[in-house]
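**Student:** Sharing a structure below in structure tokens format, with a few things to ask.
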Amino acid sequence: MCEFCHQHGEGKKWYLLMKNYSDELFRQKKSDEYMRKFFREFNVDASKIRSSMDSLDKGPGFVQRLVRSLAVRKQKKVHYGQVVPLEDIEKIVDLVKVVVRLPCVCRKVTLGKDVRYCFGVSAPVKGIFDEFPDLTHDFEVMSPEQAKKAFREMDEKGLVHSVWTFQTPFIGGLCNCDADCLAYQMSFNHNFPMFFKAEYVAVTDLDLCTGCKDCKSFCQYGAITYSAFNNKCSVDPQRCFGCGICRAVCPNESISLVEREEFKISTPTG
């Protein structure tokens, strides 16, 4: 299990525990205050952070490591994401009491466009977002089936699903990330992890794989390699984030997800 499951999930998948979406935790952590501040200052903060990361990237290596270590430790206490595959997203949708589709604040910064890739869950979002007309003009309360359908469509497009805290461990958002997402850019362009690997890892059934390489083109983490020798694709478990979107594009259903811990146990070590 990941560190978040040990810290916030009693050794279970922490994002599948109702307590991490509860009104009690929401009030206890004062998540409403944090969320209002987060959305009120997002554009300014995003610009500052991107500028700071550009400067940090030019600094000495030991300074970069120290600053990133301290910043990530602080970030985990307030707002971070973890990759979650489609089947667990659907379990979350059944678990929470409200799902609201919202414009993505990240893409507003990176693309200058409103795209609705984000979902508010559990928190009384209408009250929180009253002062943000840019977010609420396209406010869409969704039924569980509507939300699941939307996530399935995004899965087929290659978007990576994730859960997000707003005053850890309260989970207030579900997102769908790609290279246009600020969290993705921070994590992979600046080596500043904002979201973390899933509880799973993808594996390929080589007997079913035909080497079409569709999965390789879909993977956002460069975790899939192709061998011309046997005309097969395989997954590097160290690079795999366990998002599972490679499955959606495989025409032969040769890719599956296994628990990361079970994979470690079953894989021989030297």
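The values are calculated or read from the model by the stated rules, or taken from the named source; none is laboratory data. Predicted model only: the values in this text are computed from it and were never measured. As a convention, Cβ positions derive from the backbone with ideal geometry for all residues, glycine included, and neighbour counts pool all protein chains shown.
**Student:** Would you point out the residue of the range 165-211, among those that are among the β-branched types (Val, Ile, Thr) and either closer than 23 Å to SER51 by Cβ or more than 11 Å from the chain's Cα centre (by Cα) (or both), that is surrounded by the fewest Cβ atoms within 10 Å (Cβ to Cβ)?
**Tutor:** Among those that are among the β-branched types (Val, Ile, Thr) and either closer than 23 Å to SER51 by Cβ or more than 11 Å from the chain's Cα centre (by Cα) (or both), it is THR210.
**Student:** Here's something else I'd like to know. Select, from VAL125, VAL84, the only residue that is in the same structural domain as ASN191 (by TED's automatic domain parsing) and at pLDDT 95 or above.
**Tutor:** Numbers: VAL125 fails: at pLDDT 95 or above.
None of the others qualify; the one that does is VAL84.
**Student:** Another question, if that's okay. Might you let me know whether the range 128-138 holds any residue that is in contact with a Leu (Cβ under 8 Å, 6 or more places away or on another chain) and at pLDDT 90 or above?
**Tutor:** No, the range 128-138 has no match at all.
**Student:** Could you please find all residues in the range 1-36 being within 21 Å of VAL72 (Cβ to Cβ) and among the charged types (D, E, K, R)?
**Tutor:** Once the filter is applied, which keeps residues that are within 21 Å of VAL72 (Cβ to Cβ) and among the charged types (D, E, K, R), the range 1-36 yields GLU3, LYS29.
**Student:** Scan the range 215-232 for residues that are outside any helix (DSSP H, G or I) and out of contact with any Gly (no Cβ under 6 Å at 6 or more places or on another chain) and report the count. Let's see the steps before the verdict.
**Tutor:** Residues of the range 215-232 outside any helix (DSSP H, G or I): 219-232.
When the remaining residues are screened for being out of contact with any Gly (no Cβ under 6 Å at 6 or more places or on another chain), the result is 219-230.
The total comes to 12.
**Student:** Also, I was wondering about something else. Residues that are buried (at least 17 other Cβ atoms within 10 Å of the Cβ), assigned to a helix (DSSP H, G or I), hydroxyl-bearing (Ser, Thr, Tyr) and more than 19 Å from the chain's Cα centre (by Cα): does the range 9-30 have at least one?
**Tutor:** No: zero hits.
**Student:** I need the full set of residues from the range 96-108 which are surrounded by 18 or more Cβ atoms within 10 Å (Cβ to Cβ) and not in a strand (DSSP E or B), in order please. Working first, answer last.
**Tutor:** Residues of the range 96-108 surrounded by 18 or more Cβ atoms within 10 Å (Cβ to Cβ): 96, 99-108.
Passing the criteria: VAL96, PRO103, CYS104, VAL105, CYS106, ARG107, LYS108.
**Student:** Which one of these is among the aromatic types (Phe, Trp, Tyr), touching a residue at least 24 places away in the same chain (Cβ under 8 Å) and touching a Gly at 6+ places or on another chain (Cβ under 6 Å): PHE195, PHE170?
**Tutor:** Working: PHE170 fails: touching a Gly at 6+ places or on another chain (Cβ under 6 Å).
None of the others qualify; the one that does is PHE195.
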